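Participant: Below you will find the structure I want to go over with you.
The values are calculated or read from the model by the stated rules, or taken from the named source; none is laboratory data. Model, not experiment: these values are computed from the prediction. Please note: Cβ atoms are built from the backbone with ideal geometry, for glycine as well, and neighbour counts cover all protein chains shown.
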Amino acid sequence: MPEVNQESLGKNIMALKAGDRAAFASIYHCFAPKLLAFTRKFVLTQEDAEEIVQEVFLKLWERKHFLDPEQNFDGYLFRIARNLVYNKARHQVYETAYSQYLAGKGNLTENFTDNNLDYQELNQLLEETYTTLPPMRRQVFVMSRIEGMSNSEIAEQLQTSTSNIENHINKALRDIRKKLITYKIIYLFIAALLNL
(Lines give C-alpha, C1' and ligand atoms only; values in the text may rest on other atoms or scores of the structure.)
Protein backbone atom coordinates (compact mmCIF):
# COMPACT_ATOMS: atom_id res chain seq x y z
CA MET A 1 0.00 0.00 0.00
CA PRO A 2 1.35 3.45 -0.83
CA GLU A 3 2.49 5.51 2.16
CA VAL A 4 0.56 8.71 2.84
CA ASN A 5 2.66 11.89 2.72
CA GLN A 6 0.60 14.56 4.51
CA GLU A 7 2.05 17.42 2.48
CA SER A 8 1.33 15.80 -0.89
CA LEU A 9 -2.07 14.64 0.41
CA GLY A 10 -2.94 18.24 1.26
CA LYS A 11 -1.90 19.33 -2.25
CA ASN A 12 -3.92 16.51 -3.80
CA ILE A 13 -6.99 17.46 -1.77
CA MET A 14 -6.73 21.08 -2.93
CA ALA A 15 -6.29 19.92 -6.53
CA LEU A 16 -9.23 17.53 -6.16
CA LYS A 17 -11.39 20.41 -4.92
CA ALA A 18 -10.60 22.11 -8.23
CA GLY A 19 -11.66 18.99 -10.15
CA ASP A 20 -8.20 17.59 -10.94
CA ARG A 21 -8.64 13.98 -12.07
CA ALA A 22 -4.96 13.13 -11.61
CA ALA A 23 -5.20 14.17 -7.94
CA PHE A 24 -8.32 12.01 -7.60
CA ALA A 25 -6.47 9.04 -9.14
CA SER A 26 -3.53 9.59 -6.77
CA ILE A 27 -5.86 9.66 -3.75
CA TYR A 28 -7.67 6.58 -5.05
CA HIS A 29 -4.44 4.58 -5.44
CA CYS A 30 -3.31 5.66 -1.98
CA PHE A 31 -6.51 4.88 -0.06
CA ALA A 32 -8.39 2.21 -2.04
CA PRO A 33 -6.35 -0.74 -0.68
CA LYS A 34 -6.85 0.42 2.93
CA LEU A 35 -10.56 0.97 2.42
CA LEU A 36 -10.90 -2.43 0.74
CA ALA A 37 -9.19 -4.15 3.67
CA PHE A 38 -11.43 -2.24 6.10
CA THR A 39 -14.71 -3.00 4.31
CA ARG A 40 -13.75 -6.63 3.68
CA LYS A 41 -13.90 -7.19 7.45
CA PHE A 42 -17.59 -6.29 7.51
CA VAL A 43 -19.10 -7.72 4.33
CA LEU A 44 -19.45 -11.29 3.13
CA THR A 45 -17.95 -11.06 -0.34
CA GLN A 46 -15.01 -9.41 -2.05
CA GLU A 47 -17.43 -8.02 -4.65
CA ASP A 48 -19.46 -6.23 -1.97
CA ALA A 49 -16.30 -4.74 -0.49
CA GLU A 50 -15.12 -3.54 -3.91
CA GLU A 51 -18.54 -2.05 -4.62
CA ILE A 52 -18.47 -0.13 -1.34
CA VAL A 53 -14.98 1.22 -2.06
CA GLN A 54 -16.18 2.41 -5.48
CA GLU A 55 -19.15 4.13 -3.81
CA VAL A 56 -16.80 5.83 -1.32
CA PHE A 57 -14.81 7.37 -4.16
CA LEU A 58 -17.95 8.28 -6.06
CA LYS A 59 -19.18 10.17 -2.98
CA LEU A 60 -15.74 11.74 -2.59
CA TRP A 61 -15.89 13.02 -6.17
CA GLU A 62 -19.46 14.29 -5.73
CA ARG A 63 -18.54 16.13 -2.50
CA LYS A 64 -15.07 17.28 -3.53
CA HIS A 65 -15.98 20.96 -3.19
CA PHE A 66 -16.63 20.51 0.55
CA LEU A 67 -13.26 18.98 1.36
CA ASP A 68 -11.05 20.68 3.93
CA PRO A 69 -7.33 19.77 3.72
CA GLU A 70 -7.00 20.61 7.42
CA GLN A 71 -9.56 17.96 8.43
CA ASN A 72 -8.74 14.29 9.06
CA PHE A 73 -9.05 12.97 5.51
CA ASP A 74 -8.51 9.31 6.48
CA GLY A 75 -11.32 9.59 9.03
CA TYR A 76 -13.57 11.20 6.44
CA LEU A 77 -13.09 8.36 3.93
CA PHE A 78 -13.45 5.64 6.55
CA ARG A 79 -16.62 7.28 7.93
CA ILE A 80 -18.13 7.22 4.43
CA ALA A 81 -17.12 3.55 4.10
CA ARG A 82 -18.58 2.72 7.52
CA ASN A 83 -21.89 4.38 6.64
CA LEU A 84 -22.04 2.49 3.34
CA VAL A 85 -21.32 -0.80 5.13
CA TYR A 86 -24.15 -0.06 7.58
CA ASN A 87 -26.51 0.82 4.73
CA LYS A 88 -25.62 -2.38 2.88
CA ALA A 89 -26.14 -4.45 6.04
CA ARG A 90 -29.48 -2.75 6.70
CA HIS A 91 -30.54 -3.40 3.11
CA GLN A 92 -29.55 -7.08 3.40
CA VAL A 93 -31.57 -7.38 6.62
CA TYR A 94 -34.60 -5.91 4.84
CA GLU A 95 -34.14 -8.28 1.91
CA THR A 96 -33.83 -11.27 4.24
CA ALA A 97 -36.87 -10.22 6.27
CA TYR A 98 -38.89 -9.66 3.12
CA SER A 99 -37.81 -13.06 1.74
CA GLN A 100 -38.83 -14.72 4.99
CA TYR A 101 -42.11 -12.85 4.90
CA LEU A 102 -42.74 -14.12 1.38
CA ALA A 103 -41.76 -17.67 2.34
CA GLY A 104 -44.20 -17.52 5.25
CA LYS A 105 -47.00 -16.47 2.96
CA GLY A 106 -47.14 -19.87 1.29
CA ASN A 107 -46.61 -20.50 -2.38
CA LEU A 108 -44.33 -17.77 -3.68
CA THR A 109 -45.49 -18.00 -7.26
CA GLU A 110 -49.11 -17.36 -6.29
CA ASN A 111 -48.33 -14.48 -3.96
CA PHE A 112 -45.40 -12.87 -5.77
CA THR A 113 -47.47 -10.39 -7.76
CA ASP A 114 -49.57 -9.38 -4.76
CA ASN A 115 -46.53 -9.07 -2.50
CA ASN A 116 -44.60 -7.15 -5.13
CA LEU A 117 -47.53 -4.74 -5.50
CA ASP A 118 -47.74 -4.35 -1.70
CA TYR A 119 -44.02 -3.58 -1.58
CA GLN A 120 -44.31 -1.09 -4.44
CA GLU A 121 -47.32 0.58 -2.80
CA LEU A 122 -45.49 0.93 0.51
CA ASN A 123 -42.39 2.23 -1.23
CA GLN A 124 -44.50 4.73 -3.18
CA LEU A 125 -46.30 5.76 0.02
CA LEU A 126 -42.97 6.39 1.74
CA GLU A 127 -41.79 8.50 -1.21
CA GLU A 128 -45.04 10.45 -1.28
CA THR A 129 -44.79 10.96 2.46
CA TYR A 130 -41.30 12.40 2.47
CA THR A 131 -41.96 14.54 -0.61
CA THR A 132 -44.70 16.33 1.37
CA LEU A 133 -42.19 17.40 4.01
CA PRO A 134 -41.05 21.03 4.05
CA PRO A 135 -38.12 21.49 1.62
CA MET A 136 -35.31 21.73 4.18
CA ARG A 137 -36.66 18.83 6.26
CA ARG A 138 -37.05 16.72 3.11
CA GLN A 139 -33.50 17.52 1.99
CA VAL A 140 -32.07 16.56 5.39
CA PHE A 141 -34.16 13.36 5.49
CA VAL A 142 -33.02 12.29 2.00
CA MET A 143 -29.37 13.06 2.77
CA SER A 144 -29.58 11.10 6.02
CA ARG A 145 -31.81 8.14 5.29
CA ILE A 146 -31.54 7.70 1.51
CA GLU A 147 -27.97 8.84 0.80
CA GLY A 148 -26.57 7.56 4.13
CA MET A 149 -24.75 10.74 5.16
CA SER A 150 -23.94 11.31 8.83
CA ASN A 151 -25.49 14.21 10.73
CA SER A 152 -22.16 16.03 10.88
CA GLU A 153 -21.62 15.64 7.12
CA ILE A 154 -25.09 17.05 6.46
CA ALA A 155 -24.50 19.92 8.89
CA GLU A 156 -21.20 20.74 7.21
CA GLN A 157 -22.70 20.62 3.73
CA LEU A 158 -25.74 22.73 4.68
CA GLN A 159 -23.65 25.02 6.90
CA THR A 160 -25.75 24.55 10.02
CA SER A 161 -25.42 22.86 13.41
CA THR A 162 -25.65 19.13 14.05
CA SER A 163 -28.46 19.71 16.55
CA ASN A 164 -30.44 21.50 13.85
CA ILE A 165 -29.97 18.47 11.56
CA GLU A 166 -31.05 16.09 14.35
CA ASN A 167 -34.12 18.26 14.92
CA HIS A 168 -35.05 18.10 11.21
CA ILE A 169 -34.58 14.31 11.14
CA ASN A 170 -36.67 13.79 14.27
CA LYS A 171 -39.48 15.95 12.91
CA ALA A 172 -39.32 14.22 9.53
CA LEU A 173 -39.53 10.78 11.13
CA ARG A 174 -42.42 11.90 13.33
CA ASP A 175 -44.31 13.24 10.27
CA ILE A 176 -43.64 10.05 8.30
CA ARG A 177 -44.80 7.86 11.21
CA LYS A 178 -48.03 9.83 11.48
CA LYS A 179 -48.72 9.43 7.77
CA LEU A 180 -47.92 5.70 7.79
CA ILE A 181 -50.05 5.10 10.88
CA THR A 182 -52.95 6.85 9.15
CA TYR A 183 -52.39 4.67 6.10
CA LYS A 184 -52.33 1.52 8.25
CA ILE A 185 -55.62 2.44 9.93
CA ILE A 186 -57.28 3.12 6.56
CA TYR A 187 -55.84 -0.10 5.13
CA LEU A 188 -57.11 -2.17 8.07
CA PHE A 189 -60.55 -0.52 7.82
CA ILE A 190 -60.83 -1.30 4.10
CA ALA A 191 -59.60 -4.87 4.65
CA ALA A 192 -62.24 -5.34 7.36
CA LEU A 193 -64.95 -4.02 5.05
CA LEU A 194 -63.88 -6.31 2.23
CA ASN A 195 -63.91 -9.35 4.51
CA LEU A 196 -67.50 -8.69 5.56
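Participant: Which one of these does Leu133 not meet: (1) surrounded by fewer than 15 Cβ atoms within 10 Å (Cβ to Cβ); (2) at pLDDT 75 or above?
Facilitator: Condition not satisfied by Leu133: (1).
Participant: Within region 143-171, count every residue that is assigned to a helix (DSSP H, G or I), of a type outside the set (S, T, N, Q) and modelled with pLDDT of 85 or more.
Facilitator: Total meeting the criteria: 11.
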